[in-house]
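The values are calculated or read from the model by the stated rules, or taken from the named source; none is laboratory data. For clarity, every value in this text was computed on a predicted model and none was experimentally measured. Please note: Cβ atoms are built from the backbone with ideal geometry, for glycine as well, and neighbour counts cover all protein chains shown.
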Amino acid sequence: MSPPPWLPLLFSPYTHLPHPSFAETQPLPHTILTTHVLHRGFQSGALLALPFASAEYIYRRRQSPLSARALPSTTTLSSLILRRAGVGAVIGTGFMVPGLFMRMVGREEIEWRDRSWRLLENEGQMEVDGWSCLGMIGMGGLVGMGAGRGAVRGWQGVVGVVAVGNLVGVGGYLVSRYGLRGGEGSKDK
């Protein structure tokens, strides 16, 4: 049974923003586009950090099997993934700031409005944003209630929890849309 298609839209950062019928009248275009780009940087950085965390874990374990038992609990796989995902998310977000600036510098206001309007018009984009925000809230809530407290240490762990939650939310979107609904959006039915 598929979750209701409107559920993730409640959590999309853009759902509650005004969305007029025409791109020329789209309010808050800079806010919408900047939020979208920074969100993608957060996701991309977290995703790219996961293979590096796994490789670092394997490398540390193979370094010296006798000293592997003496390693502190902060080097468990889950802890390492969370910390590296946190750092990757911050770096990915940081790389998107100059990227957005270089892409949009000198553009007319109508281009900002058009891009942000098309973003709000794209049902799949709104759905994946909703699922990813739902994942961030869910993972943050689990850790806030005490689950996985040993793996979450410092700002890297906290940001990592939110970043991994973001990726879990995207996984939920993929399962919902392509696994349960066969790739159809709610408007396709």
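On the basis of being over 30 Å from E24 (Cβ atoms), modelled with pLDDT of 95 or more and touching a Phe, Trp or Tyr at 6+ places or on another chain (Cβ under 8 Å), does G172 make the cut? Considered against the rule, which asks whether it is over 30 Å from E24 (Cβ atoms), modelled with pLDDT of 95 or more and touching a Phe, Trp or Tyr at 6+ places or on another chain (Cβ under 8 Å), G172 comes out as no. Checked against the criteria, L134 does not count as of a type outside the set (D, E, K, R), at pLDDT 90 or above, touching a Phe, Trp or Tyr at 6+ places or on another chain (Cβ under 6 Å) and more than 28 Å from A53 (Cα to Cα). Checking the structure you have, find out if any residue of region 18-28 is in a helix (DSSP H, G or I), touching a residue at least 40 places away in the same chain (Cβ under 8 Å) and under 22 Å from the mean Cα position of the chain (by Cα). The answer is no, given that none of the residues of region 18-28 is in a helix (DSSP H, G or I), touching a residue at least 40 places away in the same chain (Cβ under 8 Å) and under 22 Å from the mean Cα position of the chain (by Cα).
When region 87-107 is limited to residues that are among the aliphatic types (A, V, I, L, M) and surrounded by 13 or more Cβ atoms within 10 Å (Cβ to Cβ), the one that is nearest to the chain's Cα centre (by Cα) turns out to be A89. Applying a threshold of 7 Å to beta carbon distances and a minimum spacing of six or more residues, or different chains, the list of pairs starting in region 83-103 at a residue that is within 8 Å of A46 (Cα to Cα) and ending at one that is buried (at least 20 other Cβ atoms within 10 Å of the Cβ) and aromatic (F, W, Y) reads A89/F42; G92/F42.
With the condition kept exactly as written, say whether any residue in region 75-86 is modelled with pLDDT under 85, surrounded by fewer than 18 Cβ atoms within 10 Å (Cβ to Cβ) and of a type outside the set (A, V, I, L, M, F, W, C). Yes, region 75-86 has at least one match. Considering region 143-169, the residues that are closer than 22 Å to G130 by Cβ and modelled with pLDDT under 90 include one that is surrounded by the fewest Cβ atoms within 10 Å (Cβ to Cβ), namely G144.
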